[in-house]
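One structure is given below, encoded as structure tokens.
FYI, it's all coordinate maths here, none of it is from the lab. Keep in mind that what you see is a predicted model, and the values were worked out from it rather than measured. Don't worry about glycine lacking a Cβ; one is built from the backbone with ideal geometry, like all the others, and counts go over all protein chains shown.
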Amino acid sequence: MEEKPCVRIWDKYTLIDVIITAEPGFGTLRGMVTFFEECKKYKGTIYVKKAGDERKINCKDALGLLSVCGEIGEKLEFEVEGIDKNAEDFALRLYSGVTSESIYRMNFDRFNQAISQE
């Protein structure tokens, strides 16, 4: 079974680092739309930024999200507003989607499925 990634708390945000593994990367329109739709399900604010870049992009801003296009192997950081179990679960959903086998078949529930099978 896959090990759950490390989730950190900073100020009022739950943070998670991710290295893009989904083929063909995070830069396809279809992948971005799928990710954008998933982010809209969360009530709070979600930001993403590339490693080494201080500029944060609101994940619920479709045009801004397109500016974060990433290649396989690129490191991103997600900041999910909130420090409770809901924020942690949603951070894991985003991690799960971006590290799916394919951007065309994002599995946002990978960690929830693992928990329910235990």
- line: Counting Lys and Arg as +1 and Asp and Glu as -1 over every other residue whose Cβ sits under 11 Å from the Cβ of residue 62, the net charge comes to 0
field: Charge dipole (debye, nearest 20) of the chain; +1 at Cβ of Lys and Arg, -1 at Cβ of Asp and Glu
entry: 340
task: Rounded to the nearest 0.05, what FRET efficiency do residue 101 and residue 4 give with R0 = 22 Å and r taken as the Cβ-Cβ distance? Could you check?
output: 0.75
query: When the Kirkwood hydrodynamic radius is evaluated over all pairs of different C-alpha atoms of the stretch 7-104, what value in angstrom, to one decimal, is obtained?
result: 13.1
- line: Relative contact order as a percentage, the stretch 7-104, C-alpha pairs under 8 Å and 6+ apart, gives 45
query: What cysteines in the chain have no other cysteine with a beta carbon less than 4.7 Å from their beta carbon?
result: 6, 69
- prompt: Considering amide H positions built from the backbone, and no H for Pro or chain starts, which residues 5 or more places from residue 7, or on another chain, come under 5 Å of its amide H?
  reply: none
query: For the chain, what does -39500 (n - 2.57) per DSSP helix run (n ≥ 4), summed and divided by total residues, give at 222 nm, in deg cm²/dmol to the nearest 500?
result: -9500 deg cm²/dmol
- line: For the table 12/43; 12/49; 43/75; 4/56, the rows whose alpha-carbon distance is greater than 19 Å are 43/75; 4/56
- prompt: Distance in nm between label sites at residue 45 and residue 21, each 7 Å beyond Cα in the beta-carbon direction?
  reply: 3.1
- line: A correct fewest-to-most ranking of 67, 96 by other Cβ atoms within 10 Å would be 67, 96
